[in-house]
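Beneath this line is the structure, given in C-alpha cells, with notes to follow.
The values are calculated or read from the model by the stated rules, or taken from the named source; none is laboratory data. Being a predicted model, the structure only gives us computed values, none of them experimental. Note that we place each Cβ from the backbone using ideal geometry, even for glycine, and neighbour counts take in every protein chain shown. Just so you know, the surface numbers come from the protein's heavy atoms only, side chains and all, with ligands and any DNA or RNA stripped out. Shrake-Rupley method; radii C 1.70, N 1.55, O 1.52, S 1.80 Å.
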Amino acid sequence: MKELEDRQKRRRTRTQRDSLDLALTDLTAFYRDVLALQLGSRVAIANADAEDALERLARGSTPEATLRRIEAIAACRDALDRNVAPLLAVEAMTMALRSG
C-alpha cells in the first residue's frame, strides 16, 4: 500500500510540474511576441488572440525589459528542474516580472 501511495504522489507531483512547465512555455511565447513587436519583426505572432495586450506591453516597455522577463521565466524553469519548491520558484519569477 505504501508503494502505491508513493507512486501516486510522484505521479501527482510530475503532473503538477508538467502543467506548470506548459504554462511557463506559454508565458515565454507571450513575451516573445511582445519582443517581436518591440523590434518590429515580421514573424507571425503566436498569441494573436491577445494582440491588444501584446501591443500595450510592447509600447509600455523596452526590449531589454522584455528580455529580462524572458530570462526570469527561464530561470524559473531551471529552478523547477533542480527541484526547487514550485511556489518559491514562481514567486521569485513573479517578482522579477513585476520589476522587469
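Quick notes
- Residues located in region 72-87, provided they are surrounded by 12 or more Cβ atoms within 10 Å (Cβ to Cβ), of a type in the set (A, V, I, L, M) and under 14 Å from the mean Cα position of the chain (by Cα): A72, I73, A74, A75, A79, L80
- Close pairs (8 angstrom Cβ cut-off, 6 or more residues apart or separate chains): without any contact (Cβ under 8 Å) to a residue 40 or more places away in the chain and under 16 Å from A23 (Cα atoms) in region 76-100, open to solvent by 100 Å² or more (accessible area, probe 1.4 Å) and assigned to a helix (DSSP H, G or I) anywhere: A79/L88
- Scan of region 7-25 for residues that are open to solvent by less than 90 Å² (accessible area, probe 1.4 Å) and among the charged types (D, E, K, R), ordered by number: R17, D18, D21
- The residues of region 18-49 that are of a type in the set (K, R) and either in contact with a helix residue (DSSP H, G or I) (Cβ under 6 Å, 6 or more places away or on another chain) or not in a loop (DSSP other than H, G, I, E, B) (or both) amount to a single one, R32.
- Residues of region 50-71 satisfying the condition of being open to solvent by 60 Å² or more (accessible area, probe 1.4 Å) and in a helix (DSSP H, G or I): E51, D52, E55, R56, L57, R59, E64, L67, R68, E71
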